[in-house]
Structure formats: structure tokens, C-alpha cells
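The values are calculated or read from the model by the stated rules, or taken from the named source; none is laboratory data. Because the structure is predicted, anything quoted here is derived from the model rather than measured. Here the Cβ positions follow ideal geometry from the backbone for every residue, glycine too, while neighbour counts run over all protein chains shown. Just the protein is used for accessible areas: all its heavy atoms, side chains included, with ligands, DNA and RNA removed. Shrake-Rupley method; radii C 1.70, N 1.55, O 1.52, S 1.80 Å.
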Amino acid sequence: MPQPKLTLYTRPDCPPCDWLKTWLRERDLAFEEHDVSTDKLAVFQLVRTYKSQSTPTLVIGDQVLIGFEPEKIEAALNESSTNTDPSPANQTK
């Protein structure tokens with residue numbers, strides 16, 4: 001089953017950011033990281049597009065998760081994987 005796209009907004013000196021990156025790597029989940037302390041476009045996306053002013057912010061498909069809450073992340077990953085499954089059982093008629 002394909003992995004959903006993961007986009008992570010972080011900043012240095014953010015322990016929850018480090019915990020989340022470690023958590024994702026331990027599960028072999030690829031993610032695109034944006035450091036909001038050096039990337040002005042990332043700040044714009046974080047605030048305007050995702051309505052967040054906090055790090056870490058993890059975007060999974062169309063879901064935005066703020067902070068490091070493994071249970072919520074697992075649920076979002078499971079839901080996103082289910083929604084991207086091309087099997088006939090998951091297609092709408």
C-alpha cells in the first residue's frame with residue numbers, strides 16, 4: 001500500500017520536532033521537512049494554508065496534526081492509507 005505524502009514543519013531547539021522525526025524514521029516513513037526558522041515560504045504555508053503557528057506540524061494528505069501525539073498520527077496514517085487504497089472495496093460507485 002503506498003505511503004501518503006508527509007510534510008513536516010519544524011524548527012531548531014524544538015524537542016517535540018525531534019521526537020516526531022525520530023518516530024517517523026523508526027517506522028521507515030519518508031517525509032519532507034521544512035525548517036520554519038530559515039524558510040519564509042514554509043512559514044507562509046504553515047500559517048496561511050495549514051492555520052498553524054506551532055511546530056511540529058505534520059501534514060498527512062489533507063489532515064493537519066499539530067504537536068507530537070503518536071496515537072493521532074497513527075490514526076491519520078491509517079485513515080490516509082485506507083483512502084488511497086485503489087482496491088475495489090475502497091472505490092465509490
Q: Report, ordered by the first and then the second residue, all pairs with beta carbons closer than 7 Å, sequence separation of six or more or different chains, a first member in the range 54-74 that is without any contact (Cβ under 8 Å) to a residue 24 or more places away in the chain, and a second member that is aromatic (F, W, Y).
A: V64/Y50
Q) Just checking, how many residues over the range 64-87 are at pLDDT 95 or above, surrounded by 14 or more Cβ atoms within 10 Å (Cβ to Cβ) and of a type outside the set (G, A, S)? A) 7
Q. Which residue pairs have Cβ atoms under 6 Å apart, sit 6 or more places apart or on different chains, and have a first residue in the range 20-46 that is more than 14 Å from E74 (Cα to Cα) and a second that is open to solvent by 80 Å² or more (accessible area, probe 1.4 Å)?
A. V36/R11; S37/R11
Q) Going through the range 13-60 one residue at a time, which ones are part of a loop (DSSP other than H, G, I, E, B) and open to solvent by 70 Å² or more (accessible area, probe 1.4 Å)? A) D13, R27, D28, S37, T38, K51, Q53
